[in-house]
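Enquirer: Right, I'll just put the structure down here and ask away after.
We did not get these values from a lab; they are worked out from the coordinates using the rules stated. Predicted, not measured: the structure shown is a model, and the values here were computed from it. Please note: Cβ atoms are built from the backbone with ideal geometry, for glycine as well, and neighbour counts cover all protein chains shown.
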Amino acid sequence: MARIETPKRIRGTQDIFGEEQRRFAHVLGAFERVRALYCFQRVDLPVFEATGVFARSMGETSDVVSKEMYTFEDRGGDSLTLRPEFTAGIARAYITEGWQQYVPLKLATAGPVFRYERPQKGRFRQFHQIDAEIIGAPEPAADVELLVLADQLLHELGIAEGVTLQLNTLGDAETRDAWRTALVAHFEAHRGELSEDSLARLDKNPMRILDSKDPRDRPIADSAPDIDAYLTQEAAAFFKAVTDGLDAAGVRWTRNSRLVRGLDYYRHTAFEFVTDRLGAQGTVLAGGRYDGLIGSLGGPETAGVGWAAGVERLAMLIEEPVAERVQVAVVAEDPAQELKAIAILSALRRDGISAELFASGSPKKRYDRALKLQPAATVSLGVRDGAAVTSLRTLRGDAIDEVRLREVVGQ
């Protein structure tokens, strides 16, 4: 008989259980609460899109598109890609579903995303993100709204201490064009000293050289012209409105004039929330304004700003959530009492009381297993002198309403 090969978990994926799942659920629960406070509508999107949606939105030459996307041809011959991020799918939906009638749109979503890269701490090939976007709002107030939402989420999770909001402006189109020209001239003057990656970026995406980690590039990048010298009056006023709004909301921030986004559709605000508690992978939440994205995908010119955060990275930073406890353990001591035990179990759950049934093994083993769960109370059903007996015992009176419990159990 042929030996059956034991299946293995695919590299870069994870089975989320126990403490890990409690952390994961805690992040998603906090996001859901804060989303509702800020009146962001929940939206759910397909896990895959036409490949062109991501290629056009993220740039054909970006590392994600050229090296990391999970792309395949379906049976109809169409090229599809598992989503590497959410914003492109939201922009596509805005165009194809006629959402223009609802602007401004405040949207939030969460779920798995996929990138083929080397798995490492806090980074997987299938990982999970939370995402918040505002579509159709060109005012700086939208940027402020998203940043305050992100800041409150981090406070809600208890991880705001030690996380810094780094903020920059990319200016308007006029600013960006002038700055790009100055950067190209600066880097061309140092062409012989740049790394191979930066030389490739010089022709296609020169702004990306500013965030190069290669030691050969750092002195050149650090001496590059600053964007502030090229800001138009309108762009400077936009950035001031954002920073004034953050100050008014009590959100602390720091300027990072080297924080960039390489693609041309990015405008004005760019930001990252960073920490030193995750080693090299220090960014926990990032985003910016992308007023040119929807137009680049063939839709009407529409303002947009948003951010995304990795659930796994946020989960690594939080305290371990307390495991949920069973409120009531229902112990059927005698087989003749099992149906009544099921009836009581169902009544407890319908009344919003979490309960678990113990009806296998010896009566002592049933009790031992029940008490290991540290319930607030036990309900035991047995037979004494030929008569059915139901007894209720409160173990943690501060954790359950005993009067209500007795009413449900029928005592």
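Enquirer: Given Cβ point charges of +1 (Lys, Arg) and -1 (Asp, Glu) and nothing else, what value in debye, to the nearest 20, does the dipole of region 328-409 about its Cα centre take?
Expert: 200
Enquirer: With a 10 Å radius around each residue's Cβ, average the other Cβ atoms per peptide and rank 196-205, 397-406, highest first.
Expert: Going from most to least packed, we get 196-205, 397-406.
Enquirer: At q = 0.16, 0.27 Å⁻¹, what base-10 log of I(q)/I(0) does the Debye formula yield for region 328-409 when every alpha carbon is treated as an equal point scatterer in vacuo?
Expert: -0.54, -1.44
Enquirer: Let me ask something else. Can you work out ³J(HN,Hα) from phi for every residue in region 225-230, in order, using Karplus 6.51 cos²θ - 1.76 cosθ + 1.60 and θ = phi - 60°, giving whole Hz and x for Gly and Pro?
Expert: Per-residue couplings from phi come out as x, 8, 5, 4, 5, 10 Hz.
Enquirer: Taking amide H positions as placed in the peptide plane 1.01 Å from N, state which residues far from residue 389 in sequence (5 or more) or on other chains have amide H under 5 Å from it.
Expert: Here the answer is 382, 383, 384, since their amide H atoms fall under 5 Å of that of residue 389.
Enquirer: Reachable lysines from residue 340, Cα under 28 Å, same-chain residues fewer than 8 places away excluded?
Expert: 364, 365, 372
Enquirer: Still on this model: Take residue 402 and residue 73, extend 7 Å from each Cα along the Cα→Cβ direction, and tell me the distance between the two endpoints in nm.
Expert: For residue 402 paired with residue 73, the spin-label model returns 7.3 nm.
Enquirer: What number, in nm² with one decimal, is the all-direction average of the projected area of the convex hull of the alpha-carbon atoms of the chain?
Expert: Projected area, direction-averaged: 29.7 nm².
Enquirer: Nearest 20 debye, what's the magnitude of the dipole of the chain about its Cα centre given +1 on Lys and Arg Cβ and -1 on Asp and Glu Cβ?
Expert: The calculation lands at about 1640 debye.
Enquirer: Counting other C-beta atoms within 10 Å, which of 354, 296 has the fewest, and how do the rest follow?
Expert: So the residues, fewest neighbours to most, are 354, 296.
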